[in-house]
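A short write-up of the structure that comes next.
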Amino acid sequence: MREMTPREIVAELDRHIIGQGDAKRAVAIALRNRWRWSRLPDDIRREVTPKNILMMGPTGVGKTEITRRLAKLTGAPFIKVEATKYTEVGYVGRDVESMIRELVDASVKLVTAKKREEVRAKADERVEERLLDLLLPQQDDSDESADEAEREVSEKRHHRTREKLRKKLKAGELEDRRVELSIEHKHVPVQIMSNIVMEQMDVDLQSMFDRIMPKQNSRRDLTVAEARKVLLEQESEGLMDKDAIREEAVRLAEGSGMVFIDEIDKV
């Protein structure tokens, strides 16, 4: 959460929301107090309970937008839920745990997007090398009849050709060239239980299926531009630590997460 004064927060909200000055000032002060709370020592912070905010007004005056802009301003995970979906547990609707699970999911997406940007430069380098491998496959040096001098000349020729292709690749001259790429297919388990039951289970069924089910690869003929997108996703996933992302996402949801409960008056 960035250090911003209430005046700066209101000025940022004014860029997107017309009017509602009192509401903007109120949420700006609340956000500033939240920032001050996050800076307290651990022993004191546990004694200070953060407060919720109740917004009242007709449809379309900007209640949701104010909260959404605050979340975007602070980089906090944000979800909007309908209060009518969350009624008495065990009778109808879903429990509060599913709200927080959705909040953590939103937090995971935020952290993943941030980490993907952090590894983008390294992922781009790896993608470039893999594209060059596809455009110019490595020659087979298993020919025993070729002497060392011939192999050295062949390697130098291959290196020069590769560097020429690298320059063209950087210049965007090979975007329409077609390459054959191996793509791994992810299995999607068939859902045999209701959403409510699935939400109440703490076991990560998707991870379990990924470990049990065999991975299948298929080869596709793609342009360099299409292959770059696929390879960038693969390399980014390989460079990111998923366990660290989950841990950071949970901390972010705990410290900064926003849950906007709409239509409370309908319950």
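Readers should treat all values here as calculations from the given coordinates under stated rules, not as data from a laboratory. Quick caveat, the model's predicted, so the values are computed rather than measured. Backbone-built Cβ (ideal geometry, glycine too); neighbour counts: all protein chains shown.
Annotations
- With distances taken between every two different alpha-carbon atoms, region 8-79 has a Kirkwood hydrodynamic radius of 13.3 Å.
- Inter-probe distance in nm under a simple model that places probes 7 Å from Cα toward Cβ, at Arg162 and Asp124: 2.1 nm
- With the convex hull drawn around the C-alpha atoms of region 1-124, the volume per residue stands at 178 Å³.
- In sequence order, region 148-155 has phi-based couplings of 5, 5, 5, 5, 5, 4, 5, 5 Hz under the Karplus curve 6.51 cos²θ - 1.76 cosθ + 1.60, θ = phi - 60°, and Gly or Pro positions carry x.
- Across Lys122/Lys242; Lys114/Lys168; Lys109/Lys229; Lys51/Lys80, pairs whose alpha-carbon gap is larger than 21 Å: Lys114/Lys168
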